[in-house]
1. In square angstrom, what is the accessible area per residue of the chain with a 1.4 angstrom probe?
2. With +1 on the Cβ of every Lys and Arg and -1 on the Cβ of every Asp and Glu, and nothing else charged, how large is the dipole of segment 86-150 about its Cα centre, in debye rounded to the nearest 20?
3. What do you reckon, how do 54, 177, 9, 222 stack up by accessible area (1.4 Å probe), largest on top?
4. Would you please calculate the Kirkwood hydrodynamic radius of the chain over all C-alpha pairs and express it in Å, rounded to one decimal?
5. Once R0 is set to 41 Å, what does the formula 1/(1 + (r/R0)^6) return for the Cβ-Cβ distance between residue 222 and residue 64, expressed as a FRET efficiency to the nearest 0.05?
6. Short version: ³J(HN,Hα) in whole Hz for each residue of segment 229-240, in order, from phi by Karplus 6.51 cos²θ - 1.76 cosθ + 1.60 (θ = phi - 60°), x for Gly and Pro, what are they?
7. Can you list residues whose amide H is under 5 Å from residue 191's amide H, if they're 5+ apart or on another chain and H is modeled 1.01 Å from N?
8. Show which aspartates and glutamates lie in cross-link reach of residue 210 when reach means a straight Cα distance below 17 angstrom and same-chain residues fewer than eight apart are skipped.
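The values are calculated or read from the model by the stated rules, or taken from the named source; none is laboratory data. Remember, it's a predicted structure, so these values are computed and weren't measured experimentally. Positions of Cβ are backbone-derived with ideal geometry, glycine not excepted, and every protein chain shown enters the neighbour counts. Heavy atoms of the whole protein, side chains included, go into the accessibility calculation; ligands, DNA and RNA do not. Shrake-Rupley method; radii C 1.70, N 1.55, O 1.52, S 1.80 Å.
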Amino acid sequence: MGHGFGGWRWAEKSGGALSAGERWAETCRGLWSLGGARAQRVLRAMGLGPKDFRILLEEVPRPRTPLVQVAEARLLQLPSHLIGHSERTYAFGAMLGARDGLNFDPERLLLGALLHDLGLARTDGASCFAWRGAQEAAELLRGAGGNEALIGSVSEAITLHLNAAPSGPVEAQLLRRGAGLDVVADEFYVLAAASRREVVAKWPRGDFAKVVSADLRGEATRHPETRVGFLCHQLGFTRLIHRADRMFLRDQEVEA
Ligand SMILES: [Fe+2]
């Protein structure tokens, strides 16, 4: 393990707190990502840009391994807004991976997605909720007989998923990209509207934006030194979440 900023080793060393230099670098990466998303919207409004990618849910691999079953059972104990979000995160991440022709391990991506917000459902433990969740995920998978390479990969992807930009191995990048699409509509137009709608129809968003914003604001207030504190206080994260929600709502309206 150990993929630099935001990874497990970084969390162990820093306790999840960003240094001044890391805040600066994350601000640049966050603004770059916001600028890219804005450029995508402008190009789309002008009828330019690459063709969106249409993929059906049935084309997305869904491994049915014993570890996945353990993760699914744990996920079902979480609040409903996190269940739907975790499932959508996998679907979107796997769809983006297929779109880019990436060679990824669906089981690792699925385990990471199903377990990536375990830390958001509890307030005890480490101050960084991604690391808190990664620790629980590692324990859960170890208890279920997972091998150390898989456990390391999944828990690293979970700790990395709060970075402003995707990083680490391909499954970690797709976890971050899938969550980014569901939470703040990163790469929204990369997938075809029909693909987005199929995912949201299977796992409806409901009051996800409102409830997860409250969760994240709570984390940011309790732990302002962490990445979620930075995202909420410096990058207006909850405002971006509500804007993304309106984009998904428009998808449903267009269909109706
Ligand atoms: Fe999430």
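1. Result: 44 Å² per residue.
2. For this selection, approximately 120 debye.
3. On the way: 54 165, 177 30, 9 140, 222 120 Å².
I get 54, 9, 222, 177, largest accessible area first.
4. Averaging 1/r across every pair of different Cα atoms and inverting gives 18.2 Å.
5. Details: r = 37 Å, r/R0 = 0.91.
The value I calculate is 0.65.
6. Going residue by residue, I get x, 4, 4, 6, 7, 9, 10, x, 4, 5, 5, 5 Hz, with x marking Gly and Pro.
7. Excluding prolines and chain starts, which carry no amide H, the hits are 53.
8. Leaving aside aspartates and glutamates fewer than 8 places away in the same chain, those within reach of residue 210 are 117, 182, 219, 245.
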